[in-house]
Every structure is written in C-alpha cells, then in structure tokens.
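What follows is one structure encoded as structure tokens, with my remarks underneath.
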C-alpha cells in the first residue's frame, strides 16, 4: 500500500500526540521488576510498546519482538536476570542484522548466560536467566544509549549493584538521564560522577506515574509548521520540563522559523520570521530528530552540516543512506560520512512523481510526509510503518486538512 499526499493551504488544529514509547518501555521494565503492583497511566499504544506488553503478559519461551529495537535490548537484559527461566528472543530480518554483541558481552561479564542461536554478535538470542553478580563494568560511551539503559534498569536486581563507567565520547545522554530519573521516581537513587554511574542493589517501589506525550512525535508538527504557508498548531500535554531529550526540538526549529508558545495545557506552534543561512548542529544527543531536521532544511533551502549521527547506521535502517537516497529523488544531493550529513545547496533534477521508500522505518515515513507542502502528490510507500511509534499519524494529518489518496494498481505514479 502507498499513500499520495496533498498538503492544506494553511495548517491549523489541535493534536493529541501519542504517549512516549521511550518512557513507556522503561516503565514496563520497572513495573516487571517491582515486587509490588505499579499502575502506569497513558502507556503508548504503538507497536514497540505492545510487543513488550505481550512478552510480559504471555511469558512464552520464544519471543518475537519484530522490529522493536528498544524491546530487544531491554528484554535481553530483563530475561538475563530472571532466575530459572529460559527464553529465546528473535525479531525481523532487519533486527537480526542489528548488532547486540556489546550488550551481550556486558551482561556475560556480570554473570549472564546468553548464547547466539545463529550469527555471532546478532539476534536471535537464547537466554537462561540467573542471578547476576553485578559490580564494575566499562562500556564505550558512544554505543547505543539503549544498551546503557538496559543495564541500568536491571542493576538494582544485581547482588552487588552496578558501577558503570562510560569511556570516551558520550552520545544520547538525555536518554540515559531519562532512565535515571525514572529509576529515582520508583525508589532507586543512582549516583553519577562524571562518566561513572553507581546503582545500588535494591528494590523498586510503587509510585503514581503517567507517561508524557511524545516529543519525538511533536517534531513532525514542527517540520510541518516550518513548511506551511501559515501555521497554528496546539499540542496539549507537552511541557518543556520533560524527561525527554527530544524536547530540545523547540530550540532546534527556532532558527527554521517556528516559535513555541506555552498554553494553559500544552504548547502552540506558530511561524516566525527567524531565518538561518547555514545550519550546523551536533545531534549526538538527539539522533532521532535527524531525519526531521534534514528533510526540513532541504525543503527550506537551508544548507546544513549535522554531526553526531553514528548511531543512525544501525537503526531500523541505515538512516544516513536512506536519507541520501530519498532526498535525491526530490532533487537534493547530500554528502555523508559515518557520523555526519551535509547539504551544500547542490541539486539534481527531481523525479516527476517521487515515491519515498520507507525501509520499514517509521521515522522515514513521518519525516517525508510534510514534503507534500513542496511536492504536492508525493507518495509514501508502506505508510503503515508509522504504527511503530505513532499509530494515528495519518489520521491526524487528515484532521488538519491533508488529502491522502491510495493510488490504484496500474497508476503510473507507482
């Protein structure tokens, strides 16, 4: 299935964003580890969170997490410490290409019994749960923050707790800080000194908790506001005082002509006169915002150089390669390296009827949909991928006036 999109002449409306899947998935692990019942309100209804809920609800010996990267990392750590239980964790073809060796080796050094069932260093994994010793651990600071969070979340269950030292450059720290803040909310106070995090052995305690709306999802509305001729979008429930590092999108889009205004129950996005000639930014702490910013800058004609993107190569797809491929279809020739993307205003002839491949990546679909403001009739392939984090995305686009057509077989635009 493909969707062909036509944007409205002006952008206006109120959008109830999905709950944060990052916070939801951390809350589910803490809930599973707590000996007393924890009630979590406003859990995300996205695919990634449902996969974890199903794993805990059914406790099958084989768990298929499909394409849910967070679930793969978090459940690997969780089942490693679940004594007396054996589980096999598998996933989609792409998931079986995403490396997990660093996490597995770290868990083994803490006492875990984990084996690869096929290719060394990659899922599927066979896990025999046992009591973990814990203690001291060194881990590179530039690995996926999900590895770090997976270890921190189960650290209270280790006999000696965990003293984790991150070496070298630190990336995606806001996600680690989110994890530590949630652990503290549920009674585990870690201590961070420089690059070292000390987590004591202990037990999580129940506390009231409600999951925030997702700032990552808000980023697509910032992009739309930047591209629309006029814009007034109300996003209830969002607060700048957020656990989420992606709340920084407010500041990242300010130079691209979007202003953020507090409201009684959230924020409102409006267009502003701000303009930047060239955009240079380190996105190592907000890598999930890269696709939104890259597409927006190209469509606004703003040359850019974004660094800190090394983790994009091992996401749902190789996001750096995917952005280069799909923006080339729209006429923009990007320059890439292992950890950066740039555009120096070089253009090529755009395709007459561009079809954006989404590579089984929810963020590719959502970042390119706003391109309808510049390319009326742009087609998004496999639009259902948004279910991974924002199931109502297309419904919300229709709500603010987008026309979304489903081309018929034989249509020349396919």
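Quick notes on this structure:
- Order by protection proxy (mean Cβ within 10 Å, highest first), peptides 6-15, 211-220, 63-72: 211-220, 63-72, 6-15
- Inter-label distance, residue 254 to residue 313: 3.4 nm, where each label sits 7 Å from its Cα along the C-beta direction.
- Using the Cβ-Cβ distance between residue 102 and residue 337 with R0 set to 22 Å, the FRET efficiency works out to roughly 0.50.
- Whole-number percent relative contact order across the stretch 1-128, with pairs defined as alpha carbons under 8 Å at least 6 apart: 19
- Cα gyration tensor category, rounded, prolate or oblate, for the stretch 308-413 with a/c compared to 1.5: oblate
- Extension gain from residue 305 to residue 169, taking 0.36 nm per residue of separation minus the Cα-Cα distance: 47.0 nm
- Peptides ranked, highest mean first, by Cβ atoms within 10 Å: ranges 47-55, 285-293, 113-121, 80-88: 285-293, 47-55, 80-88, 113-121
- Ranked by the mean number of other Cβ atoms within 10 Å of their residues, highest first, the peptides 305-315, 364-374, 164-174 fall in the order 364-374, 305-315, 164-174.
- For the pair the stretch 48-73 / the stretch 206-281, the C-alpha centres are spaced 31 Å from each other.
- The stretch 354-396: C-alpha gyration tensor shape, a/c 1.5 cut-off, then a/b vs b/c: oblate
- Taking 75, 299, 227 and counting other C-beta atoms within 10 Å, the order from fewest to most: 299, 227, 75
- R0 of 30 Å, Cβ-Cβ distance residue 130-residue 241: FRET efficiency to nearest 0.05: 0.15
- Note on residue 265 and residue 277: the model spin-label points, each 7 Å out from Cα along the C-beta direction, lie 4.5 nm apart.
- The stretch 228-283: C-alpha gyration tensor shape, a/c 1.5 cut-off, then a/b vs b/c: oblate
- FRET efficiency, 1/(1 + (r/R0)^6) with R0 51 Å, evaluated for residue 346 and residue 181 via beta carbons: 0.75
- Stokes-Einstein diffusion of the stretch 21-210 at 37 °C, 0.692 mPa s viscosity, Kirkwood radius from Cα pairs, rounded to a whole number: 200 µm²/s.
- Taking every alpha-carbon pair within the chain, the share separated by more than 32 Å comes to 36 percent.
- Label-point separation in nm, residue 37 to residue 117, each point 7 Å along Cα→Cβ: 3.4
- Rounded to 5, the percent of DSSP beta bridges in the chain classed as antiparallel: 65
- For a modelled paramagnetic label at residue 159, 7 Å from Cα along Cα-to-Cβ, the residues of the stretch 79-114 in reach, with backbone nitrogen under 18 Å, are 80-85, 107-114.
Computed from the coordinates by the stated procedures, all read-outs in this text should not be read as laboratory data. What you are looking at is a predicted structure, and each value in this text was computed from that prediction instead of being measured. Reconstructed Cβ throughout: ideal geometry from the backbone, glycine too, with neighbour counts over all protein chains shown.
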